[in-house]
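S.K.: Just passing along the structure, written as structure tokens.
The values are calculated or read from the model by the stated rules, or taken from the named source; none is laboratory data. This is a predicted model, so every value here is computed, not measured. Cβ sites come from the backbone with ideal geometry, for glycine too, and all protein chains shown count toward neighbours. These area figures cover heavy atoms from the full protein model, side chains too; ligands, DNA and RNA do not enter into them. Shrake-Rupley method; radii C 1.70, N 1.55, O 1.52, S 1.80 Å.
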Amino acid sequence: MAEIACTHCNLKFDESVMITEEQNAKTLYFCCKGCQGVYHLLENEGLDTFYDKLGDTQLQPATQLTDDLHKFDLEGFKNKYIKVHDDGLYEINLIIEGIHCSACVWLNEKVLHKTEGVIEATINYTNNKAKVIWDPEEVKLSRIIETIRSIGYNAYPYDPTLQEERAVKTRKAYYSRILVGVFGTMNIMWIAIAQYAGYFTGMQQGFKDILNVAEFILATPVLFYSGWIFFRGAYYGFKNHIVNMDTLVASGAVSAYIYSIYAMVTQSGEVYFDSVVMIITFVLVGKYLEVLSKKNAVDTLDSIMGSTPTEVTILKEGIKSLIGIENVEVGDIIELKPGEKVVIDGVVTSGQGSFDESSLTGENEPVYKQKGDEILSGSICLDSVLHYKASKDASHSLLTSIVNLLEESITKKPHIEQLANTVSGYFSSIILIIALLTFTGWYLWHGSFETALIVGISVIVIACPCALGLATPMATLVGIGIAAKRGLLFKEAGFLETMAKSNLLALDKTGTITEGKPSVIKAKLYEGFDPALLLALVNTSNHPISKGIASYLREQNTSLESLPLEDIKSIEAKGIEAACQGKKLLGGNAALLKAFNIHIDEHSENSLFFFAIDNILVARFELTDTIREGAKEAIAKIKALGIKVVMLTGDHEKSASKVARAVGIEEVHTRLLPQEKSALINEFQTHGDIVVMVGDGINDTIALANANIAIAMGQGADVAINVSDVVLLDEKPQSIYEAYQISRRTFRAVKENLGFSLLYNVIAVPLAVMGFVNPLVAALSMSLSSLVVVGNSMRIKMLKFKNENI
């Protein structure tokens, strides 16, 4: 018996095994009870237009899975995956498995919206990620999952690792298609050389036929395997009434392929299989660059939340207990130990200590907290045990707010303007219309179908968007390569274009303009000072100030060796006390020495460290964060390009102004929290500025995500690097200037390439329309135009990194 397609899933089976059903004088065939049930469900709900949208796309047969539905209603599942809104509504991100096309998205959204209790359901077709908001009083999550499964799909909570697997799978698919394309192109060009030589010098038909067949064998897998992406894009463009670049690539390649088969079989004319593989391979490389460059914003959020504690120790009636952060209520007393991260905002009730707030302010200098002081989530307790009262719950604390703002900033990030695609959108439609009119006109005027077909194909081939498609990716590929050699990693080719258009540069201070490592700038050494004793003392601490002192001592005394200490005691938020060879050692801030009644001079705008032996001051050090080498010169060059430079920092005004004056920055914004940095970026953008933001810490993450281009220092926080568009591996301020140089030169090359390719088409297309160009010359012209674009792009390598402006 013949095979029959299932009315629901379109999979074909032998007619004898199908479930048949008569409806309105029409026979329905179903491969299983599941498909039959889904079909009638959609029909009863008025959603049977789904099958019109589905077309011939095949689905997986509907399956009914109920064994694991109960897990979606468990408390542990809720705590891990479900977000509870203030109004009591629940929200979850799901991955919908089995989505094949936009019709699948439409169906799932319609079915979910018809489910009682579901408030919102939106699905992103690019990653199959669904956002569902529902009222738990009206419907359970298990019921929502069951509804999705009932129409032949499956759903499970979003997991970043699954998203990564999907991205890797996509990259591998492109890679294999490019390998096939490159292999076919390299081999077919050798044959084409022989073909062209034979065209001008003469060749026996038998040899020519062998070469034609060889080219056909090589071109076929390139067209239908490597070029499948373009056929798919053209198909969806056709369904949505859009003529895109995929349409032109597919139509040009297929036309040349069909004509080449005709010429090969009839032994008349020339074959253009080399044009087919060049069209597919060159443009596919451009698409692959786009796939490689995609960032996963969700992974960035996961990296932030992944380092956040999920449990805290609370005290109730003198009893300690470990509970999940989502169960902490305002007013609960939380115990914090040295090294633990604050995850809930609060006020200190007992104890005192130093806190590292660098993840919030970007400043390395610890902040001393005592009873009554506020502590913020995201900071780290350095040296003591203390108790504090929760002033907010987990969902409203600062760290959660940062994550939420980051997510919003990433989703609002402006799309990079793709100039080539904008032009080609109109270009593609016009060329197809011109080719069709040319074919019709020549057929009516000349009366020969073959002549009309050849002229029509010539129009499409000579106007093939090979040069247009290469104009942007070829130039940006060269630009990215040069940047990488200079220690600049652009994560996406399009970022070169946006940076080239930038007119405002926002710089963080600590770790960007400065090194982020306190260093000694002034030392007063008194009688009795022993550097070996001080080195032994500071080596017991991981404090940034202690590291700065240790580094200074080693630079001054290369043969210095640390001595063994006894009775080492870390004094909360003050310093270190120890004993060595019968001597009492003290090292720390002014508060420590004052506590031992030691007279000191504490007047300075810099950080101070004091060292005393047997309660006698023997050394006083002033430390500051050293400005990066070349920062002043780089900023001057950037300003010379016409770019406004501003500083955004969490530091106090005196310290920030000192650094700004040293590097030549006039506009300084100080004491900024992460949200305030982001708000300033938004304010700049509302005034029409295209903003490049440079930072290195978690505190910069929101501002980086909100900027048009985000640049992170290579040794900065992983979160900042993940959310950035550009990474400076060598961390030199000069590299920021070089990034501007490269981006501007690359964007200029892109515009030159686009200008040439359009000019070429303006001249070549009319010649083809008038019949002065046959497909052979058209293919050669197309190849030549591509070589011109490639050659012009290679000129970017001539860029000199001196003091000249672009």
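S.K.: Sequence-distant or interchain residues sharing an amide H contact under 5 Å with GLY516, placed H: which?
M.R.: GLY511, THR626
S.K.: Let me ask you something else. How fast does segment 311-392 diffuse by Stokes-Einstein, in µm²/s, taking the Kirkwood radius from C-alpha pairs at 4 °C and 1.567 mPa s? The partial results should precede the final answer.
M.R.: On the way: Rh = 12.5 Å.
This corresponds to a translational diffusion coefficient of 104 µm²/s.
S.K.: With no solvent and one equal point scatterer placed on each C-alpha of segment 557-685, evaluate the Debye formula and give log10 I(q)/I(0) for q = 0.14, 0.20, 0.22 Å⁻¹, two decimals.
M.R.: Taken in order of the listed q values, log10 I(q)/I(0) reads -0.81, -1.12, -1.26.
S.K.: Quick one: of LYS637/LYS658; LYS12/LYS131; LYS80/LYS392; LYS337/LYS522, which pairs are farther than 27 Å apart, Cα to Cα? Write out the running numbers ahead of the final one.
M.R.: On the way: LYS637/LYS658 20 Å; LYS12/LYS131 33 Å; LYS80/LYS392 20 Å; LYS337/LYS522 34 Å.
Distance filter (> 27 Å) returns LYS12/LYS131; LYS337/LYS522.
S.K.: Would you please give the residues with an amide H less than 5 Å from that of GLU731, counting only those at least 5 places away or on a separate chain, with H modeled from the backbone geometry?
M.R.: Counting only residues 5 or more places away or on other chains, the set is GLY714.
S.K.: What whole-number value in Å² describes the accessible area per residue of segment 311-392 for a 1.4 Å probe? Present the calculation step by step, with values, prior to reporting the outcome.
M.R.: Details: 3670 Å² over 82 residues.
Accessible surface, normalised per residue, equals 45 Å².
S.K.: Please compute the net charge surrounding LEU315, taking Lys and Arg as +1 and Asp and Glu as -1 over other residues with Cβ under 11 Å from its Cβ. Each step should come with its number before you reach the end.
M.R.: On the way: positive: LYS316, LYS320, LYS389; negative: GLU317, ASP332, GLU335.
Surrounding charge for LEU315 is 0.
S.K.: Taking θ = phi - 60°, what integer Hz values does the Karplus form 6.51 cos²θ - 1.76 cosθ + 1.60 yield along segment 204-218, in sequence order, with x for Gly and Pro?
M.R.: Running phi through 6.51 cos²θ - 1.76 cosθ + 1.60 with θ = phi - 60° gives 5, 4, x, 5, 5, 5, 4, 5, 4, 5, 4, 5, 4, 5, 6 Hz.
S.K.: Then there is this: For segment 494-544, which chymotrypsin sites (Phe, Trp or Tyr not before Pro) pass both filters: DSSP loop (anything but H, G, I, E, B) and at most 13 other C-beta atoms within 10 Å? Spell out each step's value before the answer.
M.R.: Details: sites: PHE495, TYR526, PHE529; in loops: TYR526, PHE529.
Qualifying residues, ordered by number: TYR526.
S.K.: Distance from a point 7 Å along Cα→Cβ of PHE207 to each backbone N in segment 254-274: keep the residues under 20 Å and list them by number.
M.R.: What the label zone holds, given the 20 Å backbone N cut-off, is 264-265, 267-274.
S.K.: Take the cross-link list LYS114/LYS140; LYS78/LYS316; LYS632/LYS751; LYS371/LYS584 and give me the ones stretching past 22 Å between alpha-carbons.
M.R.: LYS78/LYS316; LYS632/LYS751; LYS371/LYS584
S.K.: Restricting attention to segment 504-558, which GluC sites (Glu not before Pro) occupy a DSSP loop and are surrounded by at most 16 other Cβ atoms within 10 Å?
M.R.: Numbers: sites: GLU515, GLU527, GLU555; in loops: GLU527.
Here the GluC sites (Glu not before Pro) that fit, given the DSSP loop and packing criteria, are GLU527.
S.K.: Between their Cα atoms, which of LYS501/LYS732; LYS320/LYS389; LYS509/LYS639 are more than 19 Å away from each other?
M.R.: Table pairs above 19 Å Cα-Cα are LYS501/LYS732.
S.K.: Among 592-603, 333-344, 475-486, how do they line up from the highest to the lowest mean number of other beta-carbon atoms within 10 Å?
M.R.: On the way: 592-603: 13.1, 333-344: 18.5, 475-486: 20.4.
Answer by packing, highest mean first, reads 475-486, 333-344, 592-603.
S.K.: Could you calculate the contour length gain from GLU116 to LYS389, that is, 0.36 nm times the residue separation minus the distance between their Cα atoms, to one decimal place in nm?
M.R.: Numbers: separation 273, 0.36 × 273 = 98.28 nm, distance 4.13 nm.
The span from GLU116 to LYS389 would gain 94.1 nm if fully extended.
S.K.: Can you order the peptides 75-84, 315-324 by their average number of other Cβ atoms within 10 Å per residue, highest first?
M.R.: Per-residue mean Cβ counts within 10 Å order the peptides as 75-84, 315-324.
S.K.: Compute the accessible area per residue over segment 524-648, keeping the other protein chains in place, probe 1.4 Å, unit Å². Each step should come with its number before you reach the end.
M.R.: Values: 6210 Å² over 125 residues.
Per-residue value: 50 Å².
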